[in-house]
Each structure stands twice: as structure tokens, then as C-alpha cells.
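Notes follow the structure.
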Amino acid sequence: MGADRDLIERFLEMMAAQAGAARNTIAAYRSDLLLASEALGGGLADADTAALERLSESWLDLSRSSVARKSAALRRFYAFLADEGLRGDDPGKALPRPGTRRALPRTLSHADIDRLFATIAARLARDPPDPTDRRMEALLELLYGSGLRATELVSLPRNAIQPDRPFLILRGKGGRERLVPVSDRARAAVARWREHVAAERPFLFPSGKGHLSRVRLYQLVRALAGEAGIPPERISPHVLRHAFATHLLEGGADLRALQSMLGHADIATTEIYTHVDSRRLVELVNERHPLVDVAKRAP
């Protein structure tokens, strides 16, 4: 197990330094590889195709996406060993390649979004407004108005958003930089919240010695949804990002522009929103087309 662990760490260092893998990807690969090493009795680096076939059989009860992730982690690990001259063969071909079907992202309707903002407005109508409601207003504006990832949002520096600059430069997954638009109303909401953040605090959304956690953000969003009459299980920070993308596409946004705003490396990732939009268009035709009324009137 010790030898496996050392090689796994060398592989992960390569993934971070050369491939620019995101921190969450590194963590997932580490977990998958260590679990595989444990299942193989510490013989992951030396495993042959028969051993990997037996390992993959233990994944039968897992979801298609989980199997795909585990297989990808192991295949890249064995390719690394081969490239480094630590193995003369690559047993990765024995691993399954499930055709992962990308599920349509969960999203929210325009009415749902209106209810969320109406709930925030009602909170802020109290005299005086609670600073935590100012924070929630800024969080919601940036999640839905700019499509930020949860990690990107909670770790924003205090002065990342300026009143006279309608964009934000972010370094997202894989170290890729992107330009993110920030609406006038979002900048105004951030400015109101920043009045409550001490000048010496490094983060826009501080908590303790650091910044607001993703878990806490998730809890705040769900609590707001419940207050707005939206089932909390339907919503998360990522669902608000999906709503941002879906509603922009519905409004006529260019797919390439959307890819850039979301920070997707591959346009295929962004294209999933065309399926969401297409589904809405089909429903619209089925509900509103004149021939639908003719069919209903037919004996």
C-alpha cells in the first residue's frame, strides 16, 4: 500500500502541475485510486488486466457516472506509469468505458427566480435591514446574475467587484481565466454589502478567519428557497448557475459567449443547455400551437 500511495501522489502532482487539474478533481482521483489500491491489497501499480477486471466487477452497483470517473482515474494513472517507464504495458484497456449519458441539469423557472428575489426584497424592507440579508442579496445576484461557481463566489476578494467595472476576471477550473459580466444591480448589491465588511478583511464574504464555506452557502440558498415557497431539494448554488445559463440561452445568447462566461473548456459541456432549451420549446409548441386547439375541438 505504501508503494502505491507514493506513486499515486506523484501522479496527482503531475495532474496538478502539467494537466492543470482542479482541486476537486485531484481529491476525487486520490480517493478513487486509494480505494482501488485497498481493494487490490496494495497491488494497484502492478495489477494485471485480470485483476482490473475483477475490480471493475465490484462496481456493478455503482452509477454510470461513478464507474466512468473511477475508470478514467485508473486509466490516466496507468498511462502515467507507462510514460514514466514504471510499467512496460498499460492494463487500462481492461477497465469499463460506460457511455456516460449527461443528465439534463436541474434548473428553475423565471417565476421561481422572481419568488427568490421577492423574498429578499421583503427581508430588506425591514427597518433597519439586517446585514445578513444584504449579504444574501449580493450572493443571489452573483449566483444568478453572473453564473459563478460556489467556490468562486465564496472566495472572492473583498475588492474584486468595483462599481465602475462591469466585469470580473476569474481564475476557474484548471487555472483558466475568464471574463464574467457583473450587472449594474449586482454591483450595487455588492457595494451595499461591502459597507458591512471591515476594510482589513481579505474576502468579500468573510467567515471566521477565512471566507464563507460552500456548505454554508448551500444552506443559505436552501433556507431562502424554503421561505420563498420553493421545495429546498430543487435548489442549490449550482442550480442557480444552471438557471443563469438556461435563461440566457432562452433570451438568445450565443452559445460560444455562454461557454466563455461559464468557463467551460469544451463547448460540448455548454451544449447541454441547448437540450434544456429545446425541451422548453417542444413544451411551448405542444401547449400554444393553434393546431393544439383544433385537436381538442375535434370529435
Worksheet item: Got a number for carbon plus sulfur as a percent of the chain's accessible area, 1.4 Å probe?
Response: 52 percent
Worksheet item: What stretch of the chain, leaving out the sites themselves, is the longest with no trypsin sites (Lys or Arg not before Pro) in a DSSP loop having at most 10 other Cβ atoms within 10 Å?
Response: 1-100
Worksheet item: Do any GluC sites (Glu not before Pro) in region 129-225 lie in a loop, going by DSSP, with at most 10 other beta-carbon atoms within 10 Å of their beta carbon, and if so which?
Response: Glu195, Glu200
Discussion item. Between Ser31 and Ser213, what is 0.36 nm times their sequence separation minus the Cα-Cα distance? Round to one decimal in nm.
Written reply: 63.4 nm
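Let me have the relative contact order for the chain, percent, based on Cα pairs under 8 Å that are six or more residues apart. Write out the running numbers ahead of the final one.
Working: 326 pairs, mean separation 49.8, N = 299.
Relative contact order comes out at 17 percent.
Pairs of Cα atoms under 8 Å, at least six residues apart: use those to get the relative contact order of region 1-126, whole percent.
Values: 89 pairs, mean separation 29.1, N = 126.
With pairs under 8 Å counted, the relative contact order is 23 percent.
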Item to complete: Could you list the residues of region 22-54 with an amide nitrogen less than 16 Å from a label point located 7 Å from the Cα of Arg5 in the Cα-to-C-beta direction?
Response: 30-45
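Leaving out ligands and nucleic acids, note down the accessible area per residue over region 164-220 with a 1.4 angstrom probe, in whole Å².
Details: 3540 Å² over 57 residues.
With all protein chains present, region 164-220 gives 62 Å² per residue.
Multiply the residue gap between Glu53 and Ala16 by 0.36 nm, knock off their C-alpha separation, and tell me the result in nm, one decimal place. All intermediate terms of the calculation are to be shown ahead of the outcome.
Numbers: separation 37, 0.36 × 37 = 13.32 nm, distance 2.83 nm.
Here the segment from Glu53 to Ala16 would lengthen by 10.5 nm.
Could you work out how much longer the chain between Ala118 and Asp130 gets when fully extended? Use 0.36 nm per residue separation minus the Cα distance between them, nm to one decimal.
Working: separation 12, 0.36 × 12 = 4.32 nm, distance 1.59 nm.
Roughly 2.7 nm would be gained on extension.
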Worksheet item: Rounded, prolate or oblate: which fits region 11-92 when a ≥ b ≥ c are the square roots of the eigenvalues of the alpha-carbon gyration tensor, with rounded for a/c under 1.5 and prolate only if a/b beats b/c?
Response: oblate
Practice prompt. With an 8 Å cut-off on Cα pairs and a minimum separation of 6 or more residues, tell me the relative contact order of region 1-60 in percent.
Written response: 39 percent
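The values are calculated or read from the model by the stated rules, or taken from the named source; none is laboratory data. Since the structure is predicted, the reported quantities are computational estimates derived from the model, not experimental observations. Quick reminder, even Gly has a Cβ in these numbers, built from the backbone with ideal geometry, and neighbours come from all protein chains shown. Note: accessible area is taken over every heavy atom of the protein model, side chains too, but ligands, DNA and RNA are not part of it. Shrake-Rupley method; radii C 1.70, N 1.55, O 1.52, S 1.80 Å.
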